[in-house]
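> For reference, the structure I am asking about is given below.
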């Protein structure tokens with residue numbers, strides 16, 4: 001079969017299995033990206049979750065020595081939630097970022113890539129492929145940009161004309177020399193809304209992100225959250241969508257397309273207080289199918305405590321005192337102490353004083369001291 005015909009049929013097949021966009025690019029090195037990644041590394045802007053070997057991230061031939069081209073795919077996900085529950089006094093709610101609504105996108109995108117692999121092997125038995133999604137070596141956005149899926153926005157997201165930036169990305173390196181698509185012209189223009197509203201100033205300039213300051217990254221860490229970021233988290237318990245929700249290119253892009261990505265409102269916007277006492281088993285049963293569960297319950301619980309402090313939710317103080325007194329994890333005890341001081345109220349002073357007398361962990365003691373200072377400020 002001629003490559004042109006194979007490529008044309010592949011495009012049609014991809015659409016039939018729920019791939020919203022497909023593009024092709026050559027497998028030559030991403031030289032400009034390599035320089036940017038080296039600069040990111042020098043500045044200490046990387047998250048630590050990514051592949052550390054820059055050569056592997058930018059040279060496809062290191063991942064598949066017969067590499068000729070790369071197939072890029074995109075699946076659109078919803079930007080709106082139907083019947084979203086509203087949090088209120090006494091029953092506050094957190095929010096998972098849109099990329100964690102519905103089933104884990106890693107599973108959904110890998111399923112499509114696997115089907116494409118099988119389709120290709122039926123037609124080209126000698127085909128060689130290497131597929132990846134998010135946690136693979138290649139930079140999804142760089143592949144998607146070069147393959148014409150969308151342009152790279154100032155918020156470091158791929159923006160598509162059809163679905164905005166609400167797309168999941170995946171790619172497949174192959175030894176088939178598919179014809180490359182042309183990149184799409186960048187349409188951000190003079191707009192700087194994403195840079196202007198970033199809660200922590202993580203978008204240091206157009207197209208450059210300091211991941212160490214990004215709320216999406218911070219919500220996934222497991223240690224104490226640095227003080228300067230606690231007031232910026234709000235009620236986000238996983239991820240951050242601010243730089244997407246303000247983007248004019250996302251206006252009107254609801255993307256209510258794939259059933260598997262449609263959110264369960266009670267999971268996407270869960271009640272905060274029940275999260276404080278949820279067991280590992282309960283957490284996996286309830287949230288395990290979401291991509292936002294990949295770090296386990298600890299970051300989610302810590303963020304839930306910070307969110308309750310954000311709301312100054314008085315009804316949560318007894319539960320927070322319980323966490324401060326009984327939780328085996330210092331991060332939880334300490335964050336709860338800080339939150340109790342932030343919320344204040346009649347139970348707070350005595351609880352913090354008692355905890356200070358009984359606590360032995362130095363980090364937790366520092367957090368109790370912070371809580372007491374916050375309490376004194378609010379008195």
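The values are calculated or read from the model by the stated rules, or taken from the named source; none is laboratory data. Model, not experiment: these values are computed from the prediction. Cβ: placed from backbone, ideal geometry, glycine included. Neighbour counts: every protein chain shown.
> Return yes or no: is residue 232 within 18 Å of the chain's Cα centre (by Cα) and either in contact (Cβ under 8 Å) with a residue 12 or more places away in the chain or not in a loop (DSSP other than H, G, I, E, B) (or both)?
Taking the combined requirement at face value, the residue satisfies it.
> Looking at residue 182, is it over 18 Å from residue 15 (Cα atoms) and in contact (Cβ under 8 Å) with a residue 60 or more places away in the chain?
no
> I need the full set of residues from the stretch 288-306 which are surrounded by fewer than 21 Cβ atoms within 10 Å (Cβ to Cβ), assigned to a helix (DSSP H, G or I) and under 14 Å from the mean Cα position of the chain (by Cα), in order please.
Listed by number, the list holds a single entry, 293.
> Working only within the stretch 312-328, note down all residues that are part of a helix (DSSP H, G or I) and without any contact (Cβ under 8 Å) to a residue 60 or more places away in the chain.
Selection gives 314, 317, 318, 319, 320, 321, 322, 323, 324, 325, 326.
> Of all residues in the stretch 229-239 being within 18 Å of residue 92 (Cβ to Cβ) and out of contact with any strand residue (DSSP E or B) (no Cβ under 9 Å at 6 or more places or on another chain), which is surrounded by the fewest Cβ atoms within 10 Å (Cβ to Cβ)?
Top of the filtered list is 231.
> Okay, next question. Suppose we filter the stretch 14-25 for residues that are surrounded by 17 or more Cβ atoms within 10 Å (Cβ to Cβ) and part of a helix (DSSP H, G or I); how many remain?
The total comes to 1.
> Being under 28 Å from residue 162 (Cβ atoms) and under 16 Å from the mean Cα position of the chain (by Cα) is the filter here; which residues of the stretch 200-216 pass it?
202, 203, 209, 211, 214, 215, 216, listed by residue number.
> Something else: Based on this model, can you work out whether residue 153 counts as more than 30 Å from residue 127 (Cβ to Cβ), touching a residue at least 40 places away in the same chain (Cβ under 8 Å) and crowded, with 19+ Cβ neighbours inside 10 Å?
Against the criterion (more than 30 Å from residue 127 (Cβ to Cβ), touching a residue at least 40 places away in the same chain (Cβ under 8 Å) and crowded, with 19+ Cβ neighbours inside 10 Å), residue 153 qualifies.
> Taking only the stretch 1-13 into account, find how many residues are in contact (Cβ under 8 Å) with a residue 12 or more places away in the chain and part of a loop (DSSP other than H, G, I, E, B).
Of the residues in the stretch 1-13, 1 are in contact (Cβ under 8 Å) with a residue 12 or more places away in the chain and part of a loop (DSSP other than H, G, I, E, B).
> With part of a helix (DSSP H, G or I) and crowded, with 16+ Cβ neighbours inside 10 Å as the only criterion, which of 285, 309 stands out?
Only one candidate passes the filter, namely 309.
> Just to check your reading of the model, which residue among 181, 134 is in a loop (DSSP other than H, G, I, E, B), surrounded by fewer than 18 Cβ atoms within 10 Å (Cβ to Cβ) and within 15 Å of the chain's Cα centre (by Cα)?
Residue meeting the stated conditions: 134.
> Among (1) in contact with a helix residue (DSSP H, G or I) (Cβ under 6 Å, 6 or more places away or on another chain); (2) free of Cβ contacts under 8 Å to residues at least 12 places away in the same chain, which single condition is residue 226 missing?
With respect to (1) in contact with a helix residue (DSSP H, G or I) (Cβ under 6 Å, 6 or more places away or on another chain); (2) free of Cβ contacts under 8 Å to residues at least 12 places away in the same chain, residue 226 is out only on (1).
> Additional query: Report, by residue number, each residue of the stretch 269-289 that is touching a residue at least 12 places away in the same chain (Cβ under 8 Å) and out of contact with any strand residue (DSSP E or B) (no Cβ under 7 Å at 6 or more places or on another chain).
Residues satisfying the conditions are 273, 275, 276, 277, 278, 280, 283, 286, 287, 289.
> Find the residue count for the stretch 345-379, including only residues that are under 32 Å from the mean Cα position of the chain (by Cα) and part of a loop (DSSP other than H, G, I, E, B). Quick ask: steps written out before the conclusion?
First, pick out the residues of the stretch 345-379 that are under 32 Å from the mean Cα position of the chain (by Cα): 361-368, 370-371, 374.
Cutting the leftovers down to part of a loop (DSSP other than H, G, I, E, B) gives us 361.
So the count comes out to 1.
> List the helices (runs of 4 or more DSSP H) inside the stretch 26-126, counting only whole elements, that have at least 3 residues being in contact with a strand residue (DSSP E or B) (Cβ under 7 Å, 6 or more places away or on another chain) and at pLDDT 95 or above.
Those helices (runs of 4 or more DSSP H) span 105-123.
> Tally time: how many residues in the stretch 207-228 are assigned to a helix (DSSP H, G or I) and surrounded by fewer than 19 Cβ atoms within 10 Å (Cβ to Cβ)? So that I can check it myself, show each step before the final result.
So the first thing to find is which residues in the stretch 207-228 are assigned to a helix (DSSP H, G or I), and the list is 211-213, 215-218, 227-228.
Narrowing the set further to residues that are surrounded by fewer than 19 Cβ atoms within 10 Å (Cβ to Cβ) leaves 211-212, 227-228.
Total meeting the criteria: 4.
> Is there a residue being more than 28 Å from residue 113 (Cα to Cα), in contact with a strand residue (DSSP E or B) (Cβ under 7 Å, 6 or more places away or on another chain) and surrounded by fewer than 19 Cβ atoms within 10 Å (Cβ to Cβ) anywhere in the stretch 197-206?
no
> Another one. Regarding the stretch 138-148, can at least one residue be identified that is part of a strand (DSSP E or B) and crowded, with 19+ Cβ neighbours inside 10 Å?
No, the stretch 138-148 contains no residue that is part of a strand (DSSP E or B) and crowded, with 19+ Cβ neighbours inside 10 Å.
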